[in-house]
Amino acid sequence: MTFSKILLLTLAWFMLSTSAFAAGMPSDFSGTYECKGQDKAEGPYDGLVELEKVEALSTPEYSAYRFKLTVPGFGEYPGHASSQGSNMAIYFANTNPKDMDYGTGIARFKLNSNGVLSFTKFYYQPLYKGGNNGTEICTWVSKNLN
């Protein structure tokens, strides 16, 4: 295969993947999400994530968000996030600093099998209980933020 054919195929793939994202995914992930998590130290948990886009600090390619996770029995984890396309980086910290329960996550947004916006997040907590990680699967339930 010649270089020009490889370049043409690469450009076609890029255009299709970009337009598929634009056609199927929202450009604003703001809303409330119900989450099912699995934490290495704590086990399974349920939570609620609220995301709110900060329009004034977003660009057409990158978006800034306020983030808050609420987990019954553990409290609130406010933070912030930034996204590009369907990927989002998230920082969060429990409002009670004594346990050093804070960390960084990476999330990928998609439309689930029912066509509802969802994301899967992996997070890392370097100091919580000697080091910790976990995953969450979160599904959009409302555009209304409380």
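Quick note: the coordinates plus some simple rules give every number you see, no bench work behind them. None of these values were measured; they are calculated from a predicted model. Cβ coordinates were reconstructed from backbone atoms using ideal geometry, including for glycine residues, and neighbour counts include every protein chain displayed.
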Exposure proxy check on Ser118, Ser113, Ser27, Ser83: fewest-to-most Cβ neighbours within 10 Å is Ser113, Ser27, Ser118, Ser83
Using a cut-off of 29 Å between alpha-carbon atoms, which lysines can reach Lys110, once sequence neighbours fewer than 8 places away in the same chain are excluded?
Lys36, Lys40, Lys53, Lys68, Lys121, Lys143
Charge dipole magnitude, Cβ of K and R +1, D and E -1 - the stretch 83-136, Cα centre, debye nearest 20
100
For the stretch 28-142, the dipole about the Cα centre with charges only on Cβ (Lys and Arg +1, Asp and Glu -1), to the nearest 20 debye, works out at 240
